[in-house]
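Quick notes on the structure that follows.
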Amino acid sequence: MAVLSTRLSRWSLPMFVCALVNFLAAQGLMLAGMSWPTQPVSAPGTLAAVHLLVIGWLLLLMFGALFQFVPVITSRPLVSQSMALAALIALEIGLLGMVGGFFGIGTGSRALAMALPAGGAAVYLGVLIACWNIGVPLLRSRPLSLPGRMVLTGLAFLLLTVTLGLAFALALAVPALAPYLAPLLGGVGEHALAGLGGWFTLTAMGVSYKLLPMFMLAPEDRGITGDGVHILATVGFALAIGAGLARVWSAAEPLAVAQSSGYAAIALAVGIYLWDVVRIYRTRKRAVIELHNKAAVAAFGLLGLGTAVAIGFVMAGHLGAGAPVIVFLIVFGWLGGLGLTQLYKIVPFLTWLHRYGRSLGRGAVPRVQELVHERRSYPWFALYFLGVLLGATSVLSGHAAGLRPCVVLVTVATFGIVVEYWRAWRAHYVPLRPSEPAAPLLRPNQRG
């Protein structure tokens with residue numbers, strides 16, 4: 001148990017809490033009509049909501065998971081648990097500054113507008129701290145597994161994403177730098193692709209290549225298929241982002257061809273990955289699939305749908321017009337949906353380690369699965385994915401106003417899922433045995 005304790009991330013659960021609060025806050029902005037679809041994509045409220053989603057929700061969620069995940073796959077500890085806390089504080093403070101800065105630009109307030117680059121700098125610092133904390137054990141691990149290689153590649157795209165983001169913030173808020181940095185604003189789409197694709201999607205693929213086989217008792221070695229997904233996705237994102245940024249300054253035809261080739265490689269990588277995920281489900285040894293992996297099927301399906309929609313808009317030459325609904329499908333359906341489903345396993349697992357880890361071998365302890373109630377939780381996941389699908393369908397059919405009622409479904413479902421996380425954390429569903437006291441809840445700094 002001491003080995004497990006040394007690998008237990010102290011700050012993953014606080015990160016998950018902050019991430020979920022930010023996720024609900026972004027949904028609140030959408031429900032209040034302060035962001036897309038009732039406001040333009042470039043409106044301050046939309047920009048605030050987007051960054052609450054990608055930094056406040058997805059980035060904190062991913063870091064929280066990786067702080068627990070990386071030591072397991074590398075058999076090496078993080079550089080420092082304190083660095084995880086420092087990253088959390090910097091990211092939250094930076095996010096607050098960025099959100100205030102976006103609204104400040106809309107009101108014309110100079111002081112609030114300057115909060116945008118200041119917040120961006122704090123986010124940049126938090127990302128650097130987290131990347132160092134995760135990257136060092138990955139770089140020192142030999143040989144590095146496929147999930148580790150994919151995470152490491154994702155970190156490189158993350159650094160590119162936040163570098164571009166900080167340049168955008170300086171261009172918008174610092175007039176003296178605008179003449180030099182303003183042209184980069186034409187690469188907002190590449191900024192989004194680097195973050196949602198190169199960082200989040202590639203990293204989520206890598207993590208899923210470890211977690212899916214582990215929890216379903218399926219073969220973990222993905223062979224040439226997994227390597228193909230990694231290489232195709234990496235080359236595809238690099239081509240699409242690099243050529244897209246170059247086209248900000250030049251309209252040369254070879255750059256357009258390179259960008260289209262990158263898109264094609266990304267689509268092929270996603271197709272092979274989804275086929276490989278089907279193989280994992282089919283070759284599993286666990287007869288009964290737990291709810292988190294049942295519900296994850298919907299997230300994989302929405303990844304496929306989002307990719308198909310993107311291909312359609314690219315072929316029609318209207319990628320810019322389709323970008324909002326594509327981002328919605330990827331952020332809420334694929335990445336957000338996968339995150340919510342996997343937290344349904346991660347939270348009980350960390351709870352079990354905190355509450356019962358020291359009692360293992362000293363008496364009866366509940367199973368991890370006893371900390372959750374799947375029949376109560378299933379409707380919330382079904383409602384969440386139904387809301388996302390209906391919302392995307394509404395926008396694609398030309399009725400963008402119909403998205404807000406669908407976001408109501410998504411928000412209600414998210415809140416319901418969060419309640420189930422809380423019940424798992426409090427061991428709400430674990431019956432006390434006769435003459436058995438309630439298990440103590442270990443503090444994050446206690447070790448087994």
Which is among the hydrophobic types (A, V, I, L, M, F, W, C), closer than 29 Å to Val41 by Cβ and either assigned to a helix (DSSP H, G or I) or open to solvent by less than 40 Å² (accessible area, probe 1.4 Å) (or both), of Leu66, Leu96, Leu85, Leu78?
-> Leu96
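Condition first: polar (S, T, N, Q) and surrounded by fewer than 15 Cβ atoms within 10 Å (Cβ to Cβ). Now tell me which residues in segment 370-413 satisfy that.
If we filter segment 370-413 for residues that are polar (S, T, N, Q), which is where we start, we get 377, 393-394, 397, 411.
The one that is polar (S, T, N, Q) and surrounded by fewer than 15 Cβ atoms within 10 Å (Cβ to Cβ): Ser397.
Working only within segment 175-197, note down all residues that are touching a Gly at 6+ places or on another chain (Cβ under 7 Å) and either within 22 Å of Ile73 (Cβ to Cβ) or open to solvent by 30 Å² or more (accessible area, probe 1.4 Å) (or both). Steps first, answer last, please.
Keep residues of segment 175-197 that are touching a Gly at 6+ places or on another chain (Cβ under 7 Å), which gives 187, 189-191.
Within segment 175-197, Gly189, His191 qualify.
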Looking at Thr203, is it open to solvent by less than 10 Å² (accessible area, probe 1.4 Å), part of a helix (DSSP H, G or I) and among the polar types (S, T, N, Q)?
-> yes
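When the residues of segment 99-132 are filtered to those that are of a type in the set (Ser, Thr, Tyr) and more than 19 Å from the chain's Cα centre (by Cα), which remaining residue is surrounded by the fewest Cβ atoms within 10 Å (Cβ to Cβ)?
First, the residues of segment 99-132 that are of a type in the set (Ser, Thr, Tyr): 107, 109, 124.
Next cut, more than 19 Å from the chain's Cα centre (by Cα) only: 107, 109.
Values: Thr107: 10, Ser109: 14.
Ranking the qualifying residues of segment 99-132, first place goes to Thr107.
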Can you tell me which residues in segment 19-45 are open to solvent by 10 Å² or more (accessible area, probe 1.4 Å) and hydroxyl-bearing (Ser, Thr, Tyr)?
-> Thr38, Ser42
Is it fair to say Val50 is open to solvent by 60 Å² or more (accessible area, probe 1.4 Å), under 30 Å from Val395 (Cα atoms) and in a helix (DSSP H, G or I)?
-> no
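Looking only at segment 208-220, which residues are open to solvent by 20 Å² or more (accessible area, probe 1.4 Å) and either free of Cβ contacts under 8 Å to residues at least 24 places away in the same chain or farther than 15 Å from Arg282 by Cα (or both)? Break it down into steps so the answer makes sense when it comes.
The first filter runs over segment 208-220 and keeps only residues open to solvent by 20 Å² or more (accessible area, probe 1.4 Å), leaving 210-211, 214-215, 217, 219-220.
Within segment 208-220, Lys210, Leu211, Met214, Glu220 meet the criteria.
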If you check every pair at least six apart or on different chains, which have Cβ atoms under 8 Å apart with a residue in segment 236-248 that is aromatic (Phe, Trp, Tyr) first and a residue that is buried (at least 21 other Cβ atoms within 10 Å of the Cβ) second?
-> Phe237/Phe157; Phe237/Leu193; Phe237/Ala194; Phe237/Gly197; Phe237/Gly198; Phe237/Leu202; Phe237/Gly262; Phe237/Ile266
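Only one of Ala156, Ala169, Ala173, Ala178 is under 21 Å from the mean Cα position of the chain (by Cα) and hydrophobic (A, V, I, L, M, F, W, C); which? Before you say what the answer is, go through the steps one by one.
Working: Ala169 fails: under 21 Å from the mean Cα position of the chain (by Cα); Ala173 fails: under 21 Å from the mean Cα position of the chain (by Cα); Ala178 fails: under 21 Å from the mean Cα position of the chain (by Cα).
Step by step, each of Ala156, Ala169, Ala173, Ala178 is checked, and only Ala156 is under 21 Å from the mean Cα position of the chain (by Cα) and hydrophobic (A, V, I, L, M, F, W, C).
The values are calculated or read from the model by the stated rules, or taken from the named source; none is laboratory data. These figures come from a predicted structure and were not determined experimentally. Every residue, glycine as well, gets a Cβ built from its backbone with ideal geometry; the counts of neighbours run over all protein chains shown. To get the accessible areas, we keep the full protein, side chains included, count just its heavy atoms, and leave off ligands, DNA and RNA. Shrake-Rupley method; radii C 1.70, N 1.55, O 1.52, S 1.80 Å.
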